[in-house]
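Since every read-out is calculated from the coordinates, none of them should be taken as a lab result. Just so we're clear, the structure is a prediction, and the values are computed from it rather than from any experiment. A quick note on method: Cβ atoms are made from the backbone with ideal geometry, for glycine too, and the neighbour counts reach across all protein chains shown.
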Amino acid sequence: MSVTKSQSEYLIAPQQGGSGLTRVVRGIDHLGAEQSLEVVEERPLTIFLNAQEIVTAMTIGDYPHYLALGFLRNQGMLLADDTVTDIAYDEDLETVVIRTARTTNYEEKLRKKTRTSGCAVGTVFGDMMETLQGIELASSTLHTSWLYTLSAKINRTPSLYLSAGAIHGTVLCHQDIPLVYMEDVGRHNAVDKIAGWMLSESVKADDKILYTTGRLTSEMVIKTASMGIPVLASRSGFTAWGVELAQQVGLTLIGRLRGKRFICLSGAERLIWDADPEQVREEPQAAKRKGGRS
């Protein structure tokens, strides 16, 4: 699937309150007054690969098939030449089963588990560094004007975050167009949903940008690079290991992207400075993501 600028924005847009992904809870505020608050639902989803149970993830419950495909892809359990023969989701049992033509057994890999820094506690199986071996990211360019446009568009988009908070968003972008916007309680889940969608639609990665509302950690860098996406951007900050890994694989890492400001700690050679920061408007207060909610 080829994505061009002529296509409509948001092939998948974020869902909003009232979608069944949130519910209203009553409480008391600091003044003792009764308040009603919309909160995000959180439920388990157990992922199977063929007959083997792989993991149970806590998720908001939307796009379970994309989440399962993306998780298995980013863990190296679904190979590039694998044929997926069936995807079965059972809402009552809260399970999704991915079946492949290839016989699989990851018992040994499942024994080695790393709990990552992701919200809702992410999990990586096997050696985290294995996925970075042999990766060569495309030497695509990144216009600074795209960053400013994407930041303004994404942070003004109605979403679960803006209605309920306590959630992260990840957006797949092409140049200055946001294409697929996924949210979840953990940023690792949101990224996996993007990976699953790309796998399902055979979308190429070498000209894409991945935007996240979360921190730029080692896990985020590893997943972005393993997906073949050359640019990762965020409103938030960095971890030292995340920066080190990005520099190792040649990933462009943009953080603290707010209004006219950003900082690039890796892959600056991709940048094309085609926008004057003095001509970029600062974010209005209403458009700022409410850090206290997440």
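Here is how the numbers come out for the structure above:
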| item | result |
| --- | --- |
| FRET efficiency, 1/(1 + (r/R0)^6) with R0 25 Å, evaluated for Asp90 and Glu130 via beta carbons | 0.20 |
| Cα-projected label distance for Thr83 with Glu269, points at 7 Å along beta-carbon direction, nm | 4.0 nm |
| Footprinting exposure proxy for Lys260, Lys208, Lys223 (fewest neighbouring C-beta atoms within 10 Å first) | Lys260, Lys208, Lys223 |
| Over 20 Å (Cα to Cα) - which of Lys153/Lys223; Lys193/Lys223; Lys153/Lys260; Lys153/Lys204; Lys223/Lys260 fall in this group | Lys153/Lys223; Lys153/Lys204; Lys223/Lys260 |
| Relative contact order (percent, whole number), the chain, Cα cutoff 8 Å, 6+ residue spacing | 19 percent |
| Amide H partners (placed H, <5 Å) of Leu271, local residues excluded | Leu142 |
| Estimated 222 nm signal from helices in the chain, with DSSP H stretches of n ≥ 4 weighted -39500 (n - 2.57), rounded to 500 | -6500 deg cm²/dmol |
| Size of the chain as Cα extents on the principal axes (Å, biggest first) | 57, 55, 38 |
| Built amide H within the under 5 Å cut-off of Leu265, gap 5+ | Leu253, Gly255 |
| Sorted by Cβ density within 10 Å, fewest first, the residues His65, His174 | His65, His174 |
| Candidate aspartates and glutamates - alpha carbon under 17 Å from Lys109, same-chain residues fewer than 8 apart omitted | Glu53, Asp127, Glu130 |
| For Ala233, residues with placed amide H under 5 Å, excluding near neighbours | Leu210, Tyr211, Thr212, Ile254 |
| Ranked list, fewest to most other Cβ atoms within 10 Å of each Cβ, for Arg187, Arg270 | Arg270, Arg187 |
| The range 143-152 - phi-based ³J(HN,Hα) in whole Hz, Karplus 6.51/-1.76/1.60, Gly and Pro as x | 7, 5, 5, 5, 4, 5, 5, 4, 4, 5 |
| Positive-end residue of Ala246, Thr157, Ile263, charge dipole of the range 142-293 with Cβ unit charges | Thr157 |
| Theoretical FRET efficiency, 1/(1+(r/R0)^6), r = Cβ-Cβ of Glu244 and Ala166, R0 35 Å, to 0.05 | 0.70 |
| Inter-site label distance for Ser202 and Arg26 at 7 Å from Cα along Cβ, in nm | 5.5 nm |
